[in-house]
Every structure is written in structure tokens, then in C-alpha cells.
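Before any comments, here is the structure.
The values are calculated or read from the model by the stated rules, or taken from the named source; none is laboratory data. Quick caveat, the model's predicted, so the values are computed rather than measured. When we count neighbours, we look across all protein chains shown, and the Cβ atoms used for this are built from the backbone with ideal geometry, even at glycine.
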Amino acid sequence: MDLNKILYKDDFSAEEIEYLLSLSNIDEVEQLRLRAYEVMKQYCGEYVSARGLVEFSNYCVNDCYYCGIRKSNQTVSRYLLSKDDILKAAHRIVEYGYGSMVLQSGDRNDKEFIDFVVDIVKEIKSQTRSEQLPEGLGVTLCVGEQTLETYKKFYEAGAHRYLLRIETTNPELFKQIHPKEQTLESRKHALSLIKQAGFQVGTGVMIAIPGQTLRDLANDILFFKHYDIDMLGMGPYLTTTNTPMEKFADACQKNHDYTLRLALNMISVSRIVLKDVNIASTTALQAMDDEGREKGLLHGANVIMPQMTPMYVRKEYQLYDGKPCLEDSVEHCSNCIKFRVISTGREIAMNDWGDSKHFTKNHKHA
Ligand code: SAH
């Protein structure tokens, strides 16, 4: 295949995407990265959008085989932050000038939880209005599969972006990493409900899941395009002790360099194929490489999520082993992120929601 020609195409076949993902020669990877960066600059600009991340609860009704906060993991102490603590975090996020926050938790579908989320979103929206942010902080939710009615409630409360990873679009692989109660079909359906409720829709996959092929990842990217996704969050699969997938730890360790490169290629190729979507440089990248998040930005990502979860619960939200920033204060994380972004020659866009251009382009009001 002719790399130079493919990099400048508009439409891509699964074969071409797979070829781009497979690049490993330093010069070719650099060519891919530069093209991704160029596309990012053209469609999204060079600013980096920040969302303060608050992992507000680790209670979870699901039992995903890869995840450290799965319901069967009894080594985790379960917590739900108080509304006060979440609001404090929101005010901090405003102080740092980030403009947006992500509220993430394990999955729960009970009324008490749903009401809690609705209330806290409303409070955050009403308490964070200012001259710089006339409509308050932008709120992104990441609280799992819900009904249309619930998604609508969340949207009406003021949240306007929603993240729900598909994890993998290969039906067999999805089955291998989830209990049978969780299905790929229901995930896909949830994504369409999120869209129907009015949200900017974010999804993503784990990269280098044991058994996953490059063709699977190529199909994942085609799925993002087909589903008209607005935002992407992807990161390497990392082993977690006390989960059924712990047994792959040695293999994962051995493939460390390959996985990191593949994760970065996945960001670049998604950028080149999808062009104007928001792409996050995720914490899991930094778990693999101290400069993983900077590398993600250099490979075409335009969103970063500074850790704003209060320190006293952070250790209980270990989705995977080696999660960074567990001992760092919120102040430290904020400074650290700023310097990490600056080291890539870019800046964080202050007091800005940083909405997905892909969404705003398609939803211009007349
Ligand atoms: N329950 C919420 C959010 C919590 S999990 C939801 O389902 O949306 C957030 C993401 O962490 C998951 O979607 C998954 O992709 C990622 N994750 C979980 N365990 C992981 C692991 N071992 N390695 C890498 N990423 C993991």
C-alpha cells in the first residue's frame, strides 16, 4: 500500500485502516503522526480542552471481567462522594479555568442514584455560572447504560455530553470480556438513546485486549464513523489484580511497547479517519508511559482530563493496575497537567466547554 496516498484520502476501507494501524517503522509512524496532527489542527485547532475528572462513586452493578471496580471485587471499599465534596470539586475546576467536568462512576440504575445524579448536575450548573461561563461548567456524564427516560432526565438537568465506551465491536470478544447479562447490542442501543436524548455522544474501546486483532480495531473505527460519534476516549487494556482477566498479566507486560505504539497509532488513525471529533488523551496511556498523555496529544488527541477526584477515595477507583496520580493532590495534578500540555507546545483553552466540532457543525441553529 502507498502510505502517502492513503494518508490523504477521505474515505477508508477496513484494509487501509488496518494497514495504518499496523505501522511500526519509526519513519512511517512519524508520517502517520504528522498527518494526524495536521488534520487535528485543521479541524479542531491546536488548543487542548480540559475536563476536570471526578470519579464520584465506585459502586457498580456490573461485573466486567477486566475492571477493578467490578461488583465481585470485594477488595475494594465502596464509596459515594457527598454532594458537598462533588460541588467543592466543581468549584475547584472553575478556579483552575477548565470550563468542563466529567462525572464518572460505576454503573447503577436505581432511582436513588439517578435522582442523586440529576440533583448534583443541577446544582453544579446553577452554582458555577459566571461572567466567563454564563451557562456554568460544561458537564459530561459517564455513568453507564440507562433508559431513554433517564438519559433525558440527565440532559434536562444540564449535562450535555455523555461517554459510554463500546469497549470492542467484535461480538465474540465482547462476550469474552463481559458476563452474559451485558450485550453488545444493548451497548449499541444505549449509544443511540444517548444521542436521541440530545447529548454529544462519546464512545471508545480498549486497545490490545487479549485476543483482539488489528482488523477488530479497524472495524471499531468504522463503527465510530458509522455511528456518527462526536467524542472518543480510548486507552490500552491494562491488567487488574483481582479480576478474571488478571491471568493475562504476563502477556500484557511482554507486549508493553507494542501496545503503547498501537494505542498511539489508534489515536492518529481515528483522527485521520474521523477528522473533527474530540479525542481524549487518556490516563491509561500515562499508566503505560510517564509521558503517555503528552504522546497522545502529539498523535492527534485534543482533550485531556486532569484528575480532580478527592485524594481520599482515589485508591478505591482503580480500574486497572498502575493507575497514575493516586498520591498527588488536586493542586499538583492541575499544575502537572498544565506543564505536560505546555511541553507539547500547546495550551489549555481556558473557560471553554470545548464542544466537539463534529457535533456543533451538525447542529447549527438556523
Ligand atoms: N461505569 C462507567 C464508567 C467507569 S469505567 C461506564 O461503564 O461507562 C470507564 C472505562 O474504563 C471503561 O469504559 C473501560 O473502557 C475502562 N477500563 C476499565 N477497566 C480497564 C482496564 N483494566 N484497562 C483499561 N481500561 C479499563
ask   = Just a yes or no: is a residue in the stretch 148-165 more than 22 Å from Tyr59 (Cβ to Cβ), surrounded by 16 or more Cβ atoms within 10 Å (Cβ to Cβ) and among the hydrophobic types (A, V, I, L, M, F, W, C)?
value = no
Selected residue (criterion: surrounded by the most Cβ atoms within 10 Å (Cβ to Cβ)) from residues of the stretch 72-112 that are within 16 Å of the ligand (Cβ to nearest atom) and free of Cβ contacts under 8 Å to residues at least 24 places away in the same chain = Ser72
query = Which residues, counting only those in the stretch 316-337, are more than 16 Å from the ligand (Cβ to nearest atom) and either surrounded by fewer than 18 Cβ atoms within 10 Å (Cβ to Cβ) or closer than 22 Å to Asp107 by Cα (or both)?
reply = Glu327, Asp328, Ser329, Glu331, His332, Asn335, Cys336
request  = Only residues in the stretch 133-148 that are farther than 17 Å from Glu55 by Cα count as the first member; pair them with residues that are of a type in the set (A, V, I, L, M) and within 15 Å of the ligand (Cβ to nearest atom), Cβ under 7 angstrom, at least 6 apart or cross-chain, and list the lot.
outcome  = Leu148/Leu193
task = Mind listing whichever residues of the stretch 133-162 are within 16 Å of the ligand (Cβ to nearest atom) and under 22 Å from Arg92 (Cα atoms)?
result = Val139, Thr140, Leu141, Cys142, Val143, Ala159, Arg161, Tyr162
request  = Report yes if some residue within the stretch 318-329 is under 18 Å from Met101 (Cβ atoms) and of a type in the set (Phe, Trp, Tyr); otherwise report no.
outcome  = no
query = Residues in the stretch 326-342: is at least one assigned to a loop (DSSP other than H, G, I, E, B) and modelled with pLDDT of 95 or more?
reply = no
remark   = The correct count of residues that are surrounded by fewer than 23 Cβ atoms within 10 Å (Cβ to Cβ) and among the small types (Gly, Ala, Ser) in the stretch 234-257 is 2
task = State whether the residues of the stretch 304-311 include one that is buried (at least 17 other Cβ atoms within 10 Å of the Cβ), within 16 Å of Ile267 (Cβ to Cβ), in contact (Cβ under 8 Å) with a residue 60 or more places away in the chain and of a type outside the set (Val, Ile, Thr).
result = yes
